[in-house]
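What follows is a set of notes on a single structure, which appears directly below.
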Amino acid sequence: MTRSWKRALLAVALGVVTATGVVSPLTASAAEAPGAGGVSAAANPATWSPPSNLVTPLNQVWSHQESTYGDLYGFRNYGWDQVFANGGYLNFCVRWDSSAPVSASLRDSIHTKLIQQYRKWMDLMVGHNNWPYAEVPVKVVGWAVRDRNTLQWNDNSVDIYVNNIRENAPQCAEPCGRFFVRDGQYRNCPGGVARHYDQSLWLTSGFGGGAGGDWGQRMGSEYFVNSLGANDMTILLHEIGHTFGLDDFYDWTPSGVGGFLMKAGSASGITEFDAWMLRDWWRHLKSRYGR
Ligand SMILES: [Zn+2]
């Protein structure tokens, strides 16, 4: 999956949004996937205490990120920053870049799946190393489409943005988006702070693979809908990892670790190594939030 951190960083610097790359679809097989089911909130260690065999690879990963990320310690829009800016929640816009109709039922299933997959990451932080939140609620506040008739509901549970096209795709209003507005006030967003969005779930018909960054996560709309029944929606999980700073591993592998989610194609879900990479990001950034 494309690690679009550098692109995302560049986009912020230039004040524009860049489209992200298209890469090959994942080919993760169940046989390659270390079981991640044992990682639960109740099992989270209270302190920085990775298994001894993971200490060296974790240090390798952090050093690699320090040498390859353009502004590792200065960048201020990681998923971490977004959670803290809100005081512990995240809002989403769905960019439905497809002509396939969406029923109210499908809409709700998409929301539920996003919430469930996000929780797999956030639950790893509960009770760990002075992380302050027992949960990080995720709420979809808007949908963006080309044609209102694509959305087959009439309730006002989400804001609907029609034919607001950026990057050749529907987008929720920029005055409501954290990627564009950083004062936390959202004065020009019709729904104000309550209806602002931190990230976009960008679902594109025919899109292969995925992309992720501070702006959200992108993948094929067909992939998302066809994976609604899966416990692990692998591409979404991987791209959320990027939102929280985690890197790709296309050209190297840390010492002594096997398959893991952020090494695309080598695991289908979050492994213990992925969990500790997430916690390592927190370890390095937590002082930013006075923790
Ligand atoms: Zn990736």
Handout entry: Among (1) out of contact with any helix residue (DSSP H, G or I) (no Cβ under 7 Å at 6 or more places or on another chain); (2) crowded, with 23+ Cβ neighbours inside 10 Å - the single one Gly210 does not satisfy
Key = (1)
Exercise for the section: Could you list all residues from segment 183-199 that are within 21 Å of Ile240 (Cα to Cα) and either among the polar types (S, T, N, Q) or free of Cβ contacts under 8 Å to residues at least 60 places away in the same chain (or both)? Expected result: Gln199
Exercise for the section: List every residue pair whose Cβ atoms sit under 8 Å apart, with the two residues 6 or more apart in sequence or on different chains, where the first one lies in segment 233-246 and is over 15 Å from Gly208 (Cα atoms) and the second, anywhere, is in a loop (DSSP other than H, G, I, E, B) and at pLDDT below 95. Expected result: His242/Met1; His242/Ser4
Exercise for the section: Take Ala211 and decide whether it is touching a strand residue (DSSP E or B) at 6+ places or on another chain (Cβ under 7 Å) and either within 16 Å of the ligand (Cβ to nearest atom) or at pLDDT below 95 (or both). Expected result: yes
Practice task
Considering only residues that are aromatic (Phe, Trp, Tyr) and within 13 Å of the chain's Cα centre (by Cα), look in segment 90-126 and name the one that is surrounded by the fewest Cβ atoms within 10 Å (Cβ to Cβ).
Solution key: Trp121
Handout entry: From Phe273, Phe244, residue being hydrophobic (A, V, I, L, M, F, W, C) and surrounded by fewer than 24 Cβ atoms within 10 Å (Cβ to Cβ)
Key = Phe244
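Taking segment 262-291 on its own, how many of its residues are in a helix (DSSP H, G or I) and among the small types (Gly, Ala, Ser)?
The initial filter retains those residues of segment 262-291 that are in a helix (DSSP H, G or I), namely 272-289.
Cutting the leftovers down to among the small types (Gly, Ala, Ser) gives us 275, 287.
Of the residues in that region, 2 qualify.
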Fill in the blank from the handout: So, first residue over 22 Å from Tyr78 (Cβ atoms) and among the aromatic types (Phe, Trp, Tyr) in segment 205-217, second residue modelled with pLDDT of 95 or more and within 14 Å of the ligand (Cβ to nearest atom), Cβ within less than 8 Å, six or more apart or across chains; the pairs are Phe207/Arg218; Phe207/Met219
Exercise for the section: Could you figure out which of (1) more than 15 Å from Leu203 (Cβ to Cβ); (2) in a helix (DSSP H, G or I); (3) under 17 Å from the mean Cα position of the chain (by Cα) isn't true of Asn149? Expected result: (3)
Practice task
Please enumerate the residues belonging to segment 217-260 that are of a type in the set (A, V, I, L, M, F, W, C), within 23 Å of Asn59 (Cβ to Cβ) and either out of contact with any helix residue (DSSP H, G or I) (no Cβ under 9 Å at 6 or more places or on another chain) or within 11 Å of the ligand (Cβ to nearest atom) (or both).
Solution key: Leu246, Phe249
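The values are calculated or read from the model by the stated rules, or taken from the named source; none is laboratory data. As the structure is a computational prediction, the values presented were derived from the model and not from experiment. Ideal geometry is used to build each Cβ from the backbone, glycine not excepted, and the neighbour counts take in all protein chains shown.
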